[in-house]
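This report refers to the structure that appears directly beneath it.
The values are calculated or read from the model by the stated rules, or taken from the named source; none is laboratory data. Being a predicted model, the structure only gives us computed values, none of them experimental. Every residue, glycine among them, receives a Cβ derived from its backbone with ideal geometry; neighbour counts consider all protein chains shown.
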There are 2 protein chains.
Amino acid sequence: MAAAAARHSTLDFMLSATADCSAILKGLQSIFQEQGMTETIHSWKDHGYLATYINKNGSFANLRIYPHGLVLVDVQSYNNDVKGRDGIEHLLNQIEERVKVLFHGSIKRVKRLPAIGRGEAIDRYWPTADGRLVEYDIDEVVYDEDSPYQNIKILHSKQFGNILILSGDVNLAESDLAYTQAIMGSGKEDYTEKEVLILGGGDGGILYEIVKLKPKMVTMVEIDQMVIDGCKKYMRKTCGDVLDNLKGECYQVLIEDCIPVLKRYAKEGRMFDYVINDLTAVPISTSPEEDSTWEFLRLILDLSVKVLKPDGKYFTQGNCVNLTEALTLYEEQLSRLYCPVEFSKEVVCVPSYMELWVFYTVWKKRTEV
Amino acid sequence: MAAAAARHSTLDFMLSATADCSAILKGLQSIFQEQGMTETIHSWKDHGYLATYINKNGSFANLRIYPHGLVLVDVQSYNNDVKGRDGIEHLLNQIEERVKVLFHGSIKRVKRLPAIGRGEAIDRYWPTADGRLVEYDIDEVVYDEDSPYQNIKILHSKQFGNILILSGDVNLAESDLAYTQAIMGSGKEDYTEKEVLILGGGDGGILYEIVKLKPKMVTMVEIDQMVIDGCKKYMRKTCGDVLDNLKGECYQVLIEDCIPVLKRYAKEGRMFDYVINDLTAVPISTSPEEDSTWEFLRLILDLSVKVLKPDGKYFTQGNCVNLTEALTLYEEQLSRLYCPVEFSKEVVCVPSYMELWVFYTVWKKRTEV
C-alpha cells in the first residue's frame, strides 16, 4: 500500500486596504465551482470570509478573505501524482489571473510558496537552530534507528551528500568539512606529535582529519556505538576508514560516557594539548528547569580545562549566530570555571546548516610574570 | 492602520494505517469545541474527514483526517500578537498530547513546522534556485524600488547583513565574499597591472575587491543605475566606497547595456586579461520559447571571448549545483562558440544562497604547436 502523503499549496494576495471582500469572493468562487468543488461559506461581522471548497477526490481549498485586503488561498491534496500537481498549479494560475484582471490596480504583492509536502515518507523539513523553516533536497532515508540515547537518521541530500541528524538536529553532512576544520582551530594549529582528546565526535570527521596530521595519540570518547556504526557505513566522505577499527596506530575510540573518563584522566593527572568538545549544541532555553543543562556544560568545561596542558587549547562549537542570548549565557559559564580562562570566537558558514555558526577557542589565562 | 498579516501553523501526525478515522475525529473535536470554535464536518466515502473549526476572533482550523493514518491540522490566525501566538501553540500542544494519549502505540511521526507568516510587511520567504522553501531571518526592508529593468530589494538579514534581491532572486548578501572570490578565480589569479572587464556587477563587490589588487584598468558595464544607487548606500560591506564615484584611478563604471559595449570593443580590437560575467543566472527552462535566452547567453559568451587576450580568462557564475540540466545546457553553449574554448568548474558555498553554487572558468583552447 502506498504511504499516505498530502501536498499543501498556498497563494497569497496583498491588495490595497480598500479592497471589497465580497467582490473578491464573488470574483473567485466560480473558479472553484467550475472544478466541481462544493462551497461552504462562513462570514464574520468584522473578520471577512472563509470559503471552503471540497472536491470529490478528497482535495479541498480554503479561500480566506481578511478585511484590509489580505486574501489567502490554501489547497490541500491527497493526490500527490504529477497529474494532481498539474491540476493544482492550473487552479492556482486561474486564481492568480482572475485576481490580476479584477483587482489589477490594487495588488501590492502576490506570493506563491513552493508547495509543502506533508506526511511524506521522506521528511525534507529540518528547521534551523533559530527556528526558521527550511526545506532540504533530501531524496533518500539511508539510516533511521533509535539508539538507547537518541534517534539517529542519515538522510541523503542531493547537494550535501549524506546528512547525520541526531534527534531532529542537523549534525553534519558530508559537505561540511568547514565544520570539522573550524572545530580543529581553522588550520592554525600544529597537531604533529600532540595529545588530543575528542569528546563525542561519533561521525568520525574530526578523528579522520587529525589522524592525517601525525598526532602522538588521539583519544575519542563517544557514548553511542550506533552513531559510529551508522557513520562508518554511510558517512565515509567524512570519516574515511578511521571508524572501521576502534584502535589505530595513533588513535583509540572509547565507547563511553565522557564524564567518568574525564574524571579518571583528571585524577590520574593525564594532560592533553587539545581537547575538542563535539558533544552538543548550547541549550537555547534559559528557564530555571534548564539550569542543570548549563551545570552539565560547566562540568564538562571544568573537567576539560583540568586535563588541558598549561598551553593547551579547548575547541568547541557554540550555536547559530542568531541565538545571541544562548551564546552570552555560554560565555558567562566560561567566566565561572574553577580556573580563569580566555576565549575567542569565529563565525563559520557550514554548508548544510543554512545558518552561520559560532565556534569557540578556550585557553587557560596565562599568569602575568 | 496596521498591515494585514496572518500566521499559518501546522501539526501533522502519521499514524499506522489501521488507525480509525472516526475515532480520531471524536478524540480531537472536543479540544476545538472547548475553545468555542464552531464545527463543520465533511466526510467522504473513501477519503476520510475534513472538520473546519471557526473562531469568533477570525481564526480557523482544519482537521483533515485521511485514511491510512495521516492527520493534518492547520490553524490560520489573523491575530499575530504574542497572546494570539501563545494561544495557538497551546491549542496545538493540547492536540499533540491528546493524540499521544489516544493513539500512543500507532504514532509513526509527529511533525510541527515553524509557523508561516502570510501577508507580512516583511517577506521572509525567498525560495532557492532549485525551488525549495526557505525562510530567511529578515527583519527590515531597507530598499524596495522598481527600476526600468527590474525590481530591486535590499533586505536586512540578522546573520547575512543586507541582501540584494533582484526581481525575487537572491543576488548577494554582505556575508557573501565567497561569491566574489569565486567569480574572481578563487584567489589563484594575479590582477596586478591587468585589464579587466566586468559585465553587470552592480553591487560593486567584484570591482571593490579587484581595485585592491592594483589592476591597470577595470571597466564595469552595468545597465541599471538604480542597483548602483541602492548598493552604494546599503551594501557598503560589499562595495566599500568604490561606487561613490563612477571613475577612479584604475577603474570606470559605464551605465550601459553591455552588448553594444562588447561589440564596440570587439570592433576596436580592445582586449582584456579577464572578463567577469556577473549578469544573470542560467535560465532553467529548456522549452523552445526560451531558445532566445540561450542565444543571448551565447552572444555574450562569443563577444566576451572575442575581447579576451589569447591567455585571458572568462569567469562566470553558473547555477545551483542541483540544476544539472541547466548546467549541462550551459556547457553545451560553450562547445558552440565561434572559437574553441575549454572550461573548468568549481562548487562553492555562498552563505546567503542556502544551496551550493557552480562557478565557471573559460579560456581559449591553446593550439597545439
### Residue list for the stretch B:128-174, restricted to those being surrounded by fewer than 19 Cβ atoms within 10 Å (Cβ to Cβ), closer than 27 Å to B:Ala115 by Cβ and without any contact (Cβ under 8 Å) to a residue 12 or more places away in the chain
B:Gly131, B:Asp144
### Query
Looking only at residues in the stretch A:50-67 that are facing chain B (nearest Cβ under 7 Å) and among the aromatic types (Phe, Trp, Tyr), which one is nearest to A:Ile24 (Cα to Cα)?
A:Tyr66
### Message
For the stretch B:68-83, give me each residue that is more than 7 Å from every other protein chain (Cβ to nearest Cβ), over 20 Å from A:Tyr49 (Cβ atoms) and either surrounded by 20 or more Cβ atoms within 10 Å (Cβ to Cβ) or touching a residue at least 12 places away in the same chain (Cβ under 8 Å) (or both).
### Response
B:Val71, B:Val73
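Give the stretch B:205-223 a look and list any residue that's in contact with a strand residue (DSSP E or B) (Cβ under 8 Å, 6 or more places away or on another chain) and either among the β-branched types (Val, Ile, Thr) or surrounded by 18 or more Cβ atoms within 10 Å (Cβ to Cβ) (or both), or say none.
Filtering the stretch B:205-223 for residues in contact with a strand residue (DSSP E or B) (Cβ under 8 Å, 6 or more places away or on another chain) gives B:205-207, B:210-211, B:215-223.
Across the stretch B:205-223, the qualifying residues are B:Gly205, B:Ile206, B:Leu207, B:Ile210, B:Val211, B:Pro215, B:Val218, B:Thr219, B:Met220, B:Val221, B:Glu222, B:Ile223.
Just checking, how many residues over the stretch A:1-34 are among the polar types (S, T, N, Q), touching a helix residue (DSSP H, G or I) at 6+ places or on another chain (Cβ under 8 Å) and buried (at least 18 other Cβ atoms within 10 Å of the Cβ)?
Residues meeting the conditions: 1.
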#### Entry: Residue list for the stretch B:227-252, restricted to those being surrounded by fewer than 18 Cβ atoms within 10 Å (Cβ to Cβ) and more than 21 Å from B:Ala178 (Cα to Cα)
B:Asp229, B:Lys233, B:Asp244, B:Asn245, B:Leu246, B:Lys247, B:Gly248, B:Glu249, B:Cys250, B:Gln252
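Just name the residue that is modelled with the highest pLDDT out of those in the stretch B:1-54 that are among the acidic types (Asp, Glu) and over 24 Å from A:Val73 (Cα atoms).
Taking the stretch B:1-54 first, the residues among the acidic types (Asp, Glu) are B:12, B:20, B:34, B:39, B:46.
Filter again for over 24 Å from A:Val73 (Cα atoms), leaving B:20, B:34, B:46.
Values: B:Asp20: 88, B:Glu34: 94, B:Asp46: 90.
Residue satisfying both the conditions and the ranking: B:Glu34.
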### Message
Which pairs turn up if I take residues in the stretch B:283-302 that are under 20 Å from B:Thr361 (Cα atoms) and look for partners that are exposed (fewer than 13 other Cβ atoms within 10 Å of the Cβ) and modelled with pLDDT of 85 or more with beta carbon separation below 7 Å, at least 6 apart in sequence or on another chain?
### Response
B:Arg298/B:Arg336; B:Asp302/B:Tyr338
### Summary
Residues in the stretch B:70-100 that are farther than 19 Å from B:Glu39 by Cα and polar (S, T, N, Q) total 3
## Note on the structure
Reported set for the stretch A:138-174 where residues are over 16 Å from A:Tyr353 (Cβ atoms) and at the interface with chain B (Cβ under 8 Å from one of its Cβ atoms) is A:Lys158
### Task
Being hydroxyl-bearing (Ser, Thr, Tyr) and either in contact with a strand residue (DSSP E or B) (Cβ under 9 Å, 6 or more places away or on another chain) or within 23 Å of B:Ile163 (Cα to Cα) (or both) narrows it down to one of B:Thr367, B:Thr324, B:Thr328, B:Thr361, so name that one.
B:Thr361
### Task
Tell me which residues, restricted to the stretch A:1-49, are away from chain B (no Cβ under 11 Å), part of a loop (DSSP other than H, G, I, E, B) and without any contact (Cβ under 8 Å) to a residue 24 or more places away in the chain.
A:Asp20, A:Gly36
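For the stretch B:38-50, what are the residues that are surrounded by fewer than 20 Cβ atoms within 10 Å (Cβ to Cβ) and hydrophobic (A, V, I, L, M, F, W, C)?
Filtering the stretch B:38-50 for residues surrounded by fewer than 20 Cβ atoms within 10 Å (Cβ to Cβ) gives B:38-46, B:49.
B:Ile41, B:Trp44 - these are the residues of the stretch B:38-50 that are surrounded by fewer than 20 Cβ atoms within 10 Å (Cβ to Cβ) and hydrophobic (A, V, I, L, M, F, W, C).
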### Task
Scan the stretch B:354-367 and give yes if some residue there is among the aromatic types (Phe, Trp, Tyr) and within 14 Å of chain A (Cβ to nearest Cβ), otherwise no.
yes
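Would you pick out the residues in the stretch B:333-352 that are without any contact (Cβ under 8 Å) to a residue 24 or more places away in the chain and within 25 Å of B:Thr128 (Cα to Cα)?
Selection gives B:Ser344 alone.
Given the structure, is A:Val142 part of a strand (DSSP E or B) and closer than 30 Å to A:Asp203 by Cα?
Values: part of a strand (DSSP E or B): yes; closer than 30 Å to A:Asp203 by Cα: yes.
Yes, satisfied.
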### Query
Could you say whether any residue in the stretch A:175-183 is more than 14 Å from chain B (Cβ to nearest Cβ), of a type in the set (Val, Ile, Thr) and surrounded by fewer than 22 Cβ atoms within 10 Å (Cβ to Cβ)?
no
### Message
I'm trying to understand the selection: among the residues of the stretch B:192-223, which are part of a loop (DSSP other than H, G, I, E, B) and either at pLDDT 95 or above or of a type in the set (Gly, Ala, Ser) (or both)?
### Response
B:Thr192, B:Glu193, B:Lys194, B:Gly201, B:Gly202, B:Asp203, B:Gly204, B:Lys212, B:Leu213, B:Lys214, B:Pro215, B:Lys216
### Task
Identify all residues within the stretch A:322-352 that are under 22 Å from A:Lys188 (Cβ atoms), surrounded by fewer than 21 Cβ atoms within 10 Å (Cβ to Cβ) and in contact with a Leu (Cβ under 9 Å, 6 or more places away or on another chain); write none if there are none.
A:Leu334, A:Val341, A:Glu342, A:Phe343, A:Lys345, A:Val347, A:Val348
### Query
Residues of the stretch A:280-319 being modelled with pLDDT under 90 and assigned to a loop (DSSP other than H, G, I, E, B), which ones?
A:Thr280, A:Ala281, A:Val282, A:Pro283, A:Ile284, A:Ser285, A:Thr286, A:Ser287
### Query
Just checking, which of B:Glu135, B:Glu189 is under 16 Å from the mean Cα position of the chain (by Cα) and either modelled with pLDDT of 95 or more or within 14 Å of chain A (Cβ to nearest Cβ) (or both)?
B:Glu135
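With within 22 Å of B:Ala6 (Cα to Cα), facing chain B (nearest Cβ under 10 Å) and surrounded by fewer than 20 Cβ atoms within 10 Å (Cβ to Cβ) as the only criterion, which of A:Arg118, A:Arg112 stands out?
Numbers: A:Arg118 fails: surrounded by fewer than 20 Cβ atoms within 10 Å (Cβ to Cβ).
Every option except A:Arg112 fails the conditions.
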